[in-house]
1. Calculated from DSSP H runs of 4 or more alone, at -39500 (n - 2.57) each and per residue, what is the 222 nm mean residue ellipticity of chain A, nearest 500?
2. How about the range A:268-285: which of its residues lose at least 30 Å² of accessible area in the presence of all protein chains relative to their chain isolated, using a 1.4 Å probe?
3. What's the local net charge at residue B:178, with K and R +1, D and E -1, over the other residues with C-beta under 14 Å away?
4. How big is the Kirkwood radius of chain B, worked out from every pair of different alpha carbons and given in Å to one decimal?
5. Among B:155/B:240; A:228/B:141; A:118/A:140; B:206/B:297; A:140/B:365; A:228/B:240, which pairs are too far apart, with a Cα-Cα distance over 30 Å?
6. Tell me which residues come under 5 Å, amide H to amide H, from residue B:497 once H is placed; ignore anything under 5 positions away on its chain.
7. Leaving out ligands and nucleic acids, note down the accessible area per residue over the range B:314-435 with a 1.4 angstrom probe, in whole Å².
8. Angle check, please: helix B:386-395 long axis (alpha carbons) against the longest principal axis of chain B (alpha carbons), in degrees 0 to 90, nearest 10.
Amino acid sequence: MLKEGQVRIPSGCAIAGVFSRSGERMPGGDIIRSIEVMHDRSNGLGGGFAGYGIYPEFPDYYAFHLFYDDPVCQRNCENYLERRFSIISFGEIPTTKVPSIMDEPLIYRYFLLPLPDKLRASQRSVEEYVSHCALSINEKIDGAFVFSSGKNMGVFKASGFPEDVGRFYRLDTYAGYSWTAHGRYPTNTPGWWGGAHPFGLLDLSVVHNGEISSYDANRRFLEMFGYKHSLQTDTEAITYIVDYLHRKMGLSLQETADVMAAPFWVSIKNLPADQREYYTYLRKRFGSLLVTGPFSIILGYAGGMMILGDRLKLRSMVCGDHGDRFYAASEECAIRAICPEIEDVWSPDAGQPVIVELA
Amino acid sequence: MDLYVHPRFEVLRSEKKCICCRVCERQCANGAHGYDESAGTMESYDEKCVNCHRCVALCPTKALKIAETSHSFRQNANWSGHTIQELYLQANTGGVLLSSMGNPRPLPSYFDRILLNASQVTNPSIDPLREPMETRTFLGKKNQTVTRDTRGRLKDNMGAQLELRAPIMFSAMSLGSISYNAHASLANAARELGIFYNCGEGGLHKDFYKYGPNTIVQVASGRFGVHQPYLMAGAAVEIKMGQGAKPGIGGHLPGHKNMGQIAATRMTPEGSDAISPAPHHDIYSIEDLRQLVYSLKEATGNTKPIIVKIAAVHNVAAIASGVARSGADIIAIDGFRGGTGAAPTRIRDNVGIPIELALASVDQKLRDEGIRSDVSLVVGGSIRSSTDWVKAIALGADACYIATGALLALGCHLCRSCHTNLCNWGIATQRPDLVRRLNPEIGAEHLVNLIKAWQHELREIMGGMGINSVEALRGNRLMLRGVGMTREELDILGIKHAGL
Ligand code: SF4
Ligand code: SF4
Ligand code: SF4
């Protein structure tokens, strides 16, 4: 059977996120309960989480999470890592047996810093260097897959229902100021763990619900800049779009959102001149990264979270505010499950990003 | 004595229906109809007929039809009757065979073997009657670094771009190869549609300067009619390096078409053949092209995008990659089916490659080299319908050029006799009595109708795919599948076979 990445698999989904503006660290149990109520939006073929602020003991090290098919793959990959990084700490990621989750790969975690001479020789920035290594492992080392590579954050995912995945990884033993979750409903899948979501690159993580019709136009544009789509998923493409526009081209997240979910020309036409110029410029310059078709995403990054839906609002998304907390989910019930007293709940406008950051 | 060449067509007149009004006689500039005063009957001279349907369309009693002759040679799979007759013609005259319009041979069309996708269940289709369906397109370089003003706001540093309401344009046809009224029709239609027409290599008639904002002016190897005000008149300047119908040779305007205003606009003596040299004599290599591109940019104060038009030949991907590095803002590629006002038949029918393959390999090559954003790609060479257009965009084109299709909308019946100056439809002729037959207002209206119809179809197809803006269709090859293709053909096109 072909693995995810060798074949493109469309899927429907549930997503959820919770964020503490004051940076209060919340245990992972909440987000599990939130995604759990949307059980019927997943089909047991993929679930996952991303948590931010979860590694306070190693905040400045790149935390790599890896799946290995077997110890040989592990040895090859560790050789690769040792030649490029100093490994400050590593070990198996702790898990618990959950009946519905089977056939797990070897799951390891490494805290890394690039070797200074290797970094200099590469003539890349630190971030370029790290992301290049992560993408190279996925592309070149058989049976090894980096699924998380940011600092002080981590992605946890598996084949299974999200609530089972969360318990499998013992997320209630971690605490973070920001959490996102994903339950997947793929139309067909080999159930490969690497294919579950969130998709992470450095500290960016994306959970996404939808099937974008612009996928191949976006993908082929991104490939020019070295983004190889090893999973052939929308989520991967969306993560790369954000990485390219925000990190490489220096656009703000608002500007990035205005490229991905650009307003229609009929709306642009009626805006004041400076706004009209702004949107026209973005569409002219970055038209190849316009995303069409249904999507709603929660983008996690160090210190913040962005919610974005497509420009026709073809996928549901609800946001809520309660005191210091911000919530987002595919359905309101997922918010009420963990904050029953919430009053301020709303649906963001089509194509309008909602951005929350640490105060 | 000349070798006998049998007429290709037979003029069939129903004696019962004909009322001898002599309309057909007056309408046929080829002189294929006559009137026998003494007998009071109409006569036909089959050998003069080119099958343009002018008489058929205008006969008040529908008494006429034209048939391909059934006269035949002895069956021979290798030597067709047509081939034998062409050989006789050459034995009689010692000349190169001349013809016009595009390659008519039954070579494979890849467009016809590509099928389109539509949404089902996992994502919704979009209803173009209820939701905006965007077709606006900008052509030009898109590789600038992001810059900001002192207040941190993004600056539009993209330079000259062509803005099209839909990604389609009328490609180059010179005044001379086609008539004043044909140009007027194209110019008017382009203005109304918010797109561009291309004046071709014969200069720009003074009456058409007012259409400048919707005009692309061309600079070809003959440099006919090129001067500073001409370069400044259009919205973009196109350097014509080649043409799909006749790669490797220049434009031909026979002397009998080069008269009056045509000759004046070209700045050539009346009645002289206006023959563009095969190469540009100042461009023998890519670095020379770069100099011309930059000279034109300088001459126009960097206000016009520069298009470089090349014919689709074997090595087109590498050539396009060179052109993309020469400073060009837009590359136009013309496939082997592209039309012409006059070309040596053998070249038209045997030189060049299909636009689908050329486009796919150029687009991929430029991406592999990371320079696809340095240029926009415009393709032509037989875009026959909205679906050819959609498929070209999904293969990677930013926009399409149409010419033969536009002439059909003006009434052309593809008789392939443009080089004779006897176009009975007033299009490819300079004879004033024939030119008058084309009413530019009606011509423009037909062109506008055609493009609007195609736009409707484009929107419908995009909506079916769940795409509501044409940028998201561009290069979106997942929307395409091939049928009946070999592995190699699929690889070149970068698409999967249907069923996968
Ligand atoms: S136009 Fe028709 S009716 Fe008139 S002479 Fe010709 S064939 Fe006869
Ligand atoms: S050349 Fe045209 S107008 Fe003349 S007889 Fe033939 S079809 Fe009729
Ligand atoms: S333009 Fe006129 S001469 Fe040329 S093919 Fe069309 S109808 Fe015939």
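The values are calculated or read from the model by the stated rules, or taken from the named source; none is laboratory data. Note that the structure is a prediction, hence the values are computed from the model and not measured. FYI the Cβ positions are ideal-geometry reconstructions off the backbone, even for glycines, and counts take in every protein chain you see. Surface areas here come from the heavy atoms of the whole protein model, side chains and all, with no ligands, DNA or RNA. Shrake-Rupley method; radii C 1.70, N 1.55, O 1.52, S 1.80 Å.
1. -8000 deg cm²/dmol
2. Those are A:281, A:283, A:284, A:285, which lose 30 Å² or more relative to the chain on its own.
3. That works out to +3.
4. It works out to 24.1 Å.
5. B:155/B:240; A:228/B:240
6. B:482
7. Value for the range B:314-435: 25 Å² per residue.
8. Between helix and principal axis, roughly 40 degrees.
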